[in-house]
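The values are calculated or read from the model by the stated rules, or taken from the named source; none is laboratory data. Quantities reported herein were computed from a predicted structural model and do not represent experimental measurements. Here Cβ is always computed from backbone atoms with ideal geometry, including for glycine, and neighbour counts include all displayed protein chains.
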Amino acid sequence: MSFTDHILIAPLIRGLWINAAGESRIVVPATDAAGSIPAQAVSADLSAAWTGDGFDEVLAAKVLKDAYAVWEAAQKGRAQPSCIRVKVLSGEAVYWIDRELRSARRRSETADASPLEIGDTDTAPSAANRSSVVKNKVVLVTGGAQGFGEEIVRGLAVSGALVFIADLNQAGAEKLAETLNTAEKRIAAVAVPVNVSDEASVEALFKTIADTAGGLDLCVSNAGVLKAASVLEQDVGAFRFVTDINYTGFFLMAKHCGRLLRRQNRTAPGWKTDIIQINSKSGLEGSNKNGAYAGGKFGAIGLVESFALELVEYGIKVNAICPGNFLDGPLWSDPEKGLFVQYLNTGKVPGAKTVADVRAFYEAKVPMKRGCTGADVMRAIYYAVEQEYETGQAIPVTGGQVMLH
């Protein structure tokens, strides 16, 4: 079976197992060719799902559901299979399923087909421990190797998620993943390369996710760039660069993520998934001499609202989070290129004599008297995932600097 087949099949399998268990699952294809198939495996022939018009997801979902039902009818107690044999036009493959990536890989390596016990899924997460809403879920964060993205990745990993760290900075993503895996004593993070403005790269990203974990529960589209300049002076190339990442990049992420999540929904119609775009307070109000950035962020909120209307049919919620200034991040605080230094050197802040003066000027603009932090954004992410009745929203996290009406 080819790498391309996995992105078509793995999300359907993952959705089916999630639907039966009511909790997240990891799905991995066997590393070797389908040879000795455990007797306990489910068996499904998806050959008929490939038609002259392409892959019929609805038919494939029905075949998988029927195959699972046959296995389930022969069982006693609360359990589900840990592997499935799938036949397609190009051959056969075995997929292994478990709660975590490491244990799913171990099953594949040892051919451990013992059934998975289904735990008690009746306990809903409470506001007292909101971070539990992402425990054991599969999450993607773009631009995750540094800045706000790194804060989000760290928060999700500590909360028990499996996080794909997607970034152009592959070395940084790999270093962060290694650090988190050591700290959490499990496979908490996986580094993957992506250029969100390149559709081929984005498509390959979601193929990698399907091949590694079977699917996804939450996509945090965080990658973004900023090149501030006057509309009277900015080069059109710089304007396009910012727009390609901040606006078109989000479109590409939503397109290919939406396709994967739709497949999961074919077999798990009650399982809610989320696409969250990390926007900005500049998406809620104009930004002086920063039109390319604000324009892309304003436009992305339009995409969020439009995608929310379309994707709700597949159980996908789409929301934006609009943070205030991350004053402790490298964009602002870098000692050489940070905005504090730039604004001090250009005299943008009247009367400022030190970097501390510039920081105090911007903190004074916020009713809460401080900049936004990673923890502030994480609370908003947990809220967006936990609630089931809102989609298409732009959630401000600005300390009161921008208030919605």
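Of the residues V402, V385, only one is in contact with a strand residue (DSSP E or B) (Cβ under 7 Å, 6 or more places away or on another chain), among the β-branched types (V, I, T) and assigned to a helix (DSSP H, G or I); which? It would help to see each step written out before you state the result.
On the way: V402 fails: assigned to a helix (DSSP H, G or I).
Of V402, V385, the one residue that is in contact with a strand residue (DSSP E or B) (Cβ under 7 Å, 6 or more places away or on another chain), among the β-branched types (V, I, T) and assigned to a helix (DSSP H, G or I) is V385.
Take the range 11-62 and flag every residue that is among the β-branched types (V, I, T) and either buried (at least 20 other Cβ atoms within 10 Å of the Cβ) or on the phi > 0 side of the Ramachandran plot (or both).
To start, the set of residues in the range 11-62 that are among the β-branched types (V, I, T) comprises 13, 18, 26-28, 31, 37, 42, 51, 58.
Correct list: I13, I18, I26, V27, V28, V42.
Evaluate the following for A200: is it over 23 Å from A308 (Cβ atoms), hydrophobic (A, V, I, L, M, F, W, C) and more than 15 Å from the chain's Cα centre (by Cα)? Answer is yes for this residue. Specify the residue that is modelled with the lowest pLDDT; the eligible residues are those in the range 73-108 that are assigned to a strand (DSSP E or B) and among the aliphatic types (A, V, I, L, M). Among those that are assigned to a strand (DSSP E or B) and among the aliphatic types (A, V, I, L, M), it is A79. Of all residues in the range 354-364, none satisfies being at positive phi and free of Cβ contacts under 8 Å to residues at least 24 places away in the same chain. Taking the range 159-200 as the range and being surrounded by fewer than 15 Cβ atoms within 10 Å (Cβ to Cβ) and of a type in the set (A, V, I, L, M) as the test, the residues that pass are A171, A183, A200. Count of the range 152-177 residues, restricted to those that are farther than 16 Å from R99 by Cα, under 14 Å from the mean Cα position of the chain (by Cα) and not in a strand (DSSP E or B), is 5.
Are any residues in the range 178-198 farther than 21 Å from A375 by Cβ and either in a helix (DSSP H, G or I) or not aliphatic (A, V, I, L, M) (or both), and if so, which ones? Talk me through it step by step, then tell me what you get.
Step one: filter the range 178-198 for residues farther than 21 Å from A375 by Cβ, giving 178, 181-182, 185-187, 190-198.
Passing the criteria: E178, N181, T182, K185, R186, P193, N195, S197, D198.
Assessment of the range 310-318 against the conditions (of a type in the set (K, R) and either farther than 22 Å from N246 by Cα or surrounded by fewer than 21 Cβ atoms within 10 Å (Cβ to Cβ) (or both)) yields no matching residue. Every condition in (1) in a helix (DSSP H, G or I); (2) among the small types (G, A, S); (3) touching a Leu at 6+ places or on another chain (Cβ under 9 Å) holds for G371 except the one numbered (1). Scoring K227 on the criteria (1) of a type in the set (K, R); (2) within 24 Å of F326 (Cα to Cα); (3) buried (at least 18 other Cβ atoms within 10 Å of the Cβ) leaves a single failure, condition (3).
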